[in-house]
Amino acid sequence: MSDYGFLSIVPPLLTIAVALYSKNVLVALIVGIASGSFIIVNFDPFDMMLNAIEEQVLTEFTSGTQSQVIITMMVIGGFVKLLEVSGGAKAFAIKMLTIVSTRARAQLLAWMSGLAIFFTDSGNSLIIGPLYRSVFDEFKLAREKLAYILDTTSSPISILIPFIGWGAYIMSLIEKSYMEIGLAENEFTVLIKVIPYNFYAFLALLTVPIVIYTGKDYGPMKRVQRDYLAAREMQEVAQESASTEDGHENTPVGMFLYPLGVMLVLVIGLITWHATHGGITGAHIRSTLILSYLTASFTCMEMMRRHQSRTYTEMIGLFIKGAESLVYVSIILVLAWGLSSVTTDLRTADYLASLIGDSVAPMYFPMIVFVLGALISLSTGSSYGTFAILMAIAVPVGFELGASMYLTIAAVLSGGLFGDHCSPISDTTVLASVGANCNHLSHVVTQAAYAGLTGFVTILAFWMAGIFETPFVLGVAIVILVLAMTTAMRLFGAEIVPGSSQK
């Protein structure tokens, strides 16, 4: 296999640069894949086109896992469309206004719901997102804020649970790395001891309630919220007129709750069944979501037939229309997978991992591993891939340097998580945009301002932990995060509320 050196990081860097310049993620992904294939085939234009289409995009699209994700998204899109047309989603949002009386409580409820769906990182956004879209609309909260909450409560909570797929995967990497360096400690015991040092996961999860508590936004999120409110205020009269003519102003909230209840019962029941019959796999999660949402869709159709006299032909057409609305996002997801395939062929992660030296002071090694893991994950869009590459390199090097194994492993996990959280080509980032139904690039940019500050505090945490290896560092890091976030809000933030003219 060729060693592409610095060229291996050109495609992801070019993708990010084009995305920021053009504001078009499709164009950016195409440029990234084309440039990577151009390098792989030794700069032959014809072979570049063949490699990009056949080896990168089509191969990824026909992968069993990737196809399952696309089908799952389509089914959920159809279900959401039925809820919208039936008036159930609107009725639920209006009901929530009487239960959750403030914008802060609405956001906290979405955050807590995200924490509850800990068993799947991708399913988190797809389950929680559609439930809260209409709620955020009623409270006049930008969809990008919902996407941020969804993304921040997906992987960060999953990585802290040792008995789901994430834990099993990480334990397998720990076991392999420990065998190579001759350590015999049980991998489950190691994972439990690593959890208190997984700083980014804890800090990211806590950033959300801190932001909500301040009642403000800064950076791109402030601008997006301000623009969203301006657009809503301009459309308010038209929306009020439409709401009195849609025929669903008296739709019972049961039109939303009954299909939702069917979906949740099936999700919990099927996940429990799989957990007690051989364990939960990614395919089990996806099949559970497909079956649950299809059944919930038929429940909604039957209620619409009884209460609104709609025909099944009409409702199936609505379902298909909802699925079609996700075609654009599906293309983004397929291209993101294609770019990830390109970085694998170029050995981007290997090149970045090779930058780790063997003369680093042990106390600084975990901090460096965290930064490197973030770069790898940001470039490849894969935390799982980052874990596999960096665990095999960082653990042996850290062992030779005399660095803490627990801190080193935690740095690998936190770094991979942080980069994945910020990466525009990460599938969980794309799915958060899908769940919130917002512009993907807008979600990436608005989230980065908050995740970046959390990542900086995490660097400080690993620096402190390298000097004082104690779980109490997490408490200190939380205090620093609260001070940093509240200071940022005080200096650069603003409370953008309905009727506000604040710039």
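The values are calculated or read from the model by the stated rules, or taken from the named source; none is laboratory data. None of these values were measured; they are calculated from a predicted model. So basically every Cβ, Gly included, is an ideal-geometry build from the backbone, and we count neighbours across all protein chains shown.
In the stretch 34-69, what residues are surrounded by 21 or more Cβ atoms within 10 Å (Cβ to Cβ) and either of a type in the set (S, T, N, Q) or within 22 Å of the chain's Cα centre (by Cα) (or both)?
Selection gives Ser35, Ser37, Asn51, Gln56, Val57, Glu60, Val69.
Test Lys222 against the stated conditions and say whether it is surrounded by fewer than 19 Cβ atoms within 10 Å (Cβ to Cβ), among the charged types (D, E, K, R) and at pLDDT 85 or above.
no
Mind checking whether some residue in the stretch 450-459 is under 21 Å from Asp217 (Cβ atoms), buried (at least 24 other Cβ atoms within 10 Å of the Cβ), under 24 Å from the mean Cα position of the chain (by Cα) and among the aromatic types (Phe, Trp, Tyr)?
Yes, the conditions are met somewhere in the stretch 450-459.
Among Gly435, Gly466, Gly452, which is the only one that is closer than 20 Å to Ser158 by Cβ and of a type outside the set (Asp, Glu)?
Gly435
Residues being surrounded by fewer than 24 Cβ atoms within 10 Å (Cβ to Cβ) and within 17 Å of Ile9 (Cβ to Cβ): count how many of those fall in the stretch 328-339.
0
For the stretch 258-274, which positions are surrounded by fewer than 17 Cβ atoms within 10 Å (Cβ to Cβ) and either under 23 Å from Trp166 (Cα atoms) or in contact with a helix residue (DSSP H, G or I) (Cβ under 7 Å, 6 or more places away or on another chain) (or both)?
Hits for the stretch 258-274 are Leu264, Ile268, Gly269, Thr272, Trp273.
What pairs come out if I take residues in the stretch 376-387 that are part of a helix (DSSP H, G or I) and at pLDDT 80 or above and pair them with residues that are surrounded by fewer than 24 Cβ atoms within 10 Å (Cβ to Cβ) and among the aromatic types (Phe, Trp, Tyr) whose C-beta lies under 8 Å away, six or more apart or interchain?
Short answer, once both residue conditions are applied: Phe387/Tyr169.
Which residues, counting only those in the stretch 141-157, are assigned to a helix (DSSP H, G or I) and hydroxyl-bearing (Ser, Thr, Tyr)?
Tyr148, Thr152, Ser155
Would you confirm whether any residue within the stretch 419-427 is touching a residue at least 60 places away in the same chain (Cβ under 8 Å), out of contact with any helix residue (DSSP H, G or I) (no Cβ under 6 Å at 6 or more places or on another chain) and either of a type in the set (D, E, K, R) or crowded, with 23+ Cβ neighbours inside 10 Å (or both)?
Yes, the stretch 419-427 has at least one match.
Considering only residues that are part of a helix (DSSP H, G or I) and buried (at least 18 other Cβ atoms within 10 Å of the Cβ), which ones fall in the stretch 275-297?
Result: His284, Ile285, Arg286, Thr288, Leu289, Ser292, Tyr293, Ala296, Ser297.
Of the numbered conditions (1) over 24 Å from the mean Cα position of the chain (by Cα); (2) within 18 Å of Leu378 (Cβ to Cβ); (3) surrounded by fewer than 14 Cβ atoms within 10 Å (Cβ to Cβ), Asp3 satisfies every one except a single condition; which is it?
(2)
Which is among the basic types (Lys, Arg), at pLDDT 85 or above and in contact with a Leu (Cβ under 9 Å, 6 or more places away or on another chain), of Lys140, Lys145?
Only one candidate qualifies: Lys140.
Pairs please, first residue from the stretch 310-329 and over 15 Å from Leu294 (Cα atoms) and among the polar types (S, T, N, Q), second anywhere and part of a helix (DSSP H, G or I) and at pLDDT below 85, Cβ atoms under 9 Å, 6+ apart in sequence or on different chains.
Ser325/Gly77; Ser325/Val80; Ser325/Lys81
Condition first: more than 21 Å from the chain's Cα centre (by Cα) and surrounded by fewer than 24 Cβ atoms within 10 Å (Cβ to Cβ). Can you find one or more residues in the stretch 154-171 that meet it?
Yes.
Output the residues belonging to the stretch 138-175 that are of a type in the set (D, E, K, R) and closer than 16 Å to Ala410 by Cα.
If the condition is that a residue be of a type in the set (D, E, K, R) and closer than 16 Å to Ala410 by Cα, then Glu175 is the only one that fits.
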